[in-house]
């Protein structure tokens, strides 16, 4: 009997200790994130699918098949996360769009935006559906309303990382920013208890097309279990940078002169070349660039207005002669190393869209990428030419086909 009392007393003490350790009002242990630093909700209330449909109509993008799919209200968040730039940890930012699906598992889309120069256009600076200045946020919201979680990275050089020049068409920096953003989005979804489906899609147009292939390459190499890619679309990207640069510098007149200047300026910053841009670009344009033309405070049209469209007047004659001849090997090597179609191939279903009349990013980029991928062993890559369409007019059919294809999968 005495032993029984001792046993009961010991059990009572253990139960008391257990009760004290699991009190309901005890705070949860802090969550440990690998890359997510912080987040905040941008939209005070959900953006309705009906509002998005109205904007589709106003922008001339309304399509009965698309509007039939936009059924979910969406919420927009800003995230700050950790990534790597030139081997050093760096904070970056982006926008995340999450639909209200009442617990239904939702797939991810990493949506890479096109070229911007003005930090005000960065996705994380979005304020509301009526903020049409950040046009790159409209389509991801439409995609999200169709039932996807959309990750929209700012890229390095914008938003939280605006203290550096955007590493324009630098493969490693671009891929790091996009992949780490996806990792942060997954951590955010865990925090918000959003049910994420084990499917991931990638898409982007123009610079976004380049960024999409750079991201796919990195995901395939290092994150196949964490992000199984279902499908990928890339539209009108400059995948073959070396031949694109040669093409640009052979044109007597440039439709968008800031493009090649942006690349050379970014590469000088990334690689730390010990030379002035005035060895490449003529004065006064080189002086304007070195004074901060690409510092994130100027819009694209403002930059173009301060440059000349005449190639011979924009670039140094000696540089043009060397680059189009056998010289300037340092720059050529960098462009070749960052040509994102070399040395690998997509293993997921991938479509390369390109307008056949594109005079800004020449169509040979998608054709060269397709040929290289097939030669390397690709069996799931398709080239989709958009007959007679240029860089601007090809956007709408690319987006329409992307949404319909992704939704079918």
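The values are calculated or read from the model by the stated rules, or taken from the named source; none is laboratory data. Fair warning: this is a prediction, and the values are worked out from it, not measured in the lab. Every residue, glycine among them, receives a Cβ derived from its backbone with ideal geometry; neighbour counts consider all protein chains shown.
Of the listed requirements (1) touching a strand residue (DSSP E or B) at 6+ places or on another chain (Cβ under 6 Å); (2) under 27 Å from residue 300 (Cβ atoms); (3) surrounded by 15 or more Cβ atoms within 10 Å (Cβ to Cβ), residue 356 misses just one: (3). Among the residues making up region 370-409, those that are over 20 Å from residue 230 (Cα atoms) and in a helix (DSSP H, G or I) are 371, 372, 375, 376, 395, 396, 397. Based on what the data block shows, is residue 326 under 13 Å from residue 262 (Cβ atoms), out of contact with any strand residue (DSSP E or B) (no Cβ under 6 Å at 6 or more places or on another chain) and either without any contact (Cβ under 8 Å) to a residue 12 or more places away in the chain or surrounded by 15 or more Cβ atoms within 10 Å (Cβ to Cβ) (or both)? No: the conditions fail for residue 326.
Quick one: would you say residue 53 is farther than 18 Å from residue 136 by Cα and assigned by TED's automatic domain parsing to the domain that holds residue 129? Spelling it out, it is not the case that residue 53 is farther than 18 Å from residue 136 by Cα and assigned by TED's automatic domain parsing to the domain that holds residue 129. For region 280-296, the candidate set comprises residues that are in a loop (DSSP other than H, G, I, E, B) and either free of Cβ contacts under 8 Å to residues at least 24 places away in the same chain or in contact with a helix residue (DSSP H, G or I) (Cβ under 7 Å, 6 or more places away or on another chain) (or both); within that set, the residue that is farthest from residue 251 (Cα to Cα) is 296. In region 350-358, the count of residues that are over 24 Å from residue 251 (Cβ atoms) and in contact (Cβ under 8 Å) with a residue 40 or more places away in the chain is one or more.
Candidates are the residues of region 259-279 that are without any contact (Cβ under 8 Å) to a residue 60 or more places away in the chain, surrounded by 15 or more Cβ atoms within 10 Å (Cβ to Cβ) and in a helix (DSSP H, G or I); the one that is farthest from the chain's Cα centre (by Cα) is 278. Restrict the check to region 45-55 and report whether at least one residue is surrounded by 17 or more Cβ atoms within 10 Å (Cβ to Cβ) and either under 20 Å from the mean Cα position of the chain (by Cα) or part of a loop (DSSP other than H, G, I, E, B) (or both). Within region 45-55, none of the residues are surrounded by 17 or more Cβ atoms within 10 Å (Cβ to Cβ) and either under 20 Å from the mean Cα position of the chain (by Cα) or part of a loop (DSSP other than H, G, I, E, B) (or both). Comparison of 71, 79 shows that the only residue that is in the same structural domain as residue 401 (by TED's automatic domain parsing) and surrounded by fewer than 24 Cβ atoms within 10 Å (Cβ to Cβ) is 71.
The requirement of being in contact (Cβ under 8 Å) with a residue 60 or more places away in the chain, more than 22 Å from the chain's Cα centre (by Cα) and under 30 Å from residue 174 (Cα atoms) is fulfilled nowhere in region 77-87; no residue meets it. Of the residues making up region 333-349, those that are in contact (Cβ under 8 Å) with a residue 40 or more places away in the chain and touching a strand residue (DSSP E or B) at 6+ places or on another chain (Cβ under 9 Å) number 4. Got a number for residues in region 56-68 being without any contact (Cβ under 8 Å) to a residue 40 or more places away in the chain and surrounded by 19 or more Cβ atoms within 10 Å (Cβ to Cβ)? Number of matching residues: 1. Give the number of residues within region 102-145 that are within 15 Å of residue 407 (Cα to Cα) and either without any contact (Cβ under 8 Å) to a residue 60 or more places away in the chain or touching a strand residue (DSSP E or B) at 6+ places or on another chain (Cβ under 8 Å) (or both). So the count comes out to 13. Checked against the criterion of being in a strand (DSSP E or B) and within 26 Å of residue 408 (Cβ to Cβ), the candidates 212, 224, 203 yield just one match: 203. Is there a residue in region 362-385 that is touching a residue at least 40 places away in the same chain (Cβ under 8 Å), outside the structural domain of residue 249 (by TED's automatic domain parsing), in contact with a helix residue (DSSP H, G or I) (Cβ under 6 Å, 6 or more places away or on another chain) and closer than 26 Å to residue 269 by Cβ? Yes. Taking the numbered list (1) assigned by TED's automatic domain parsing to the domain that holds residue 396; (2) modelled with pLDDT under 95 in turn, residue 255 passes all entries but (1).
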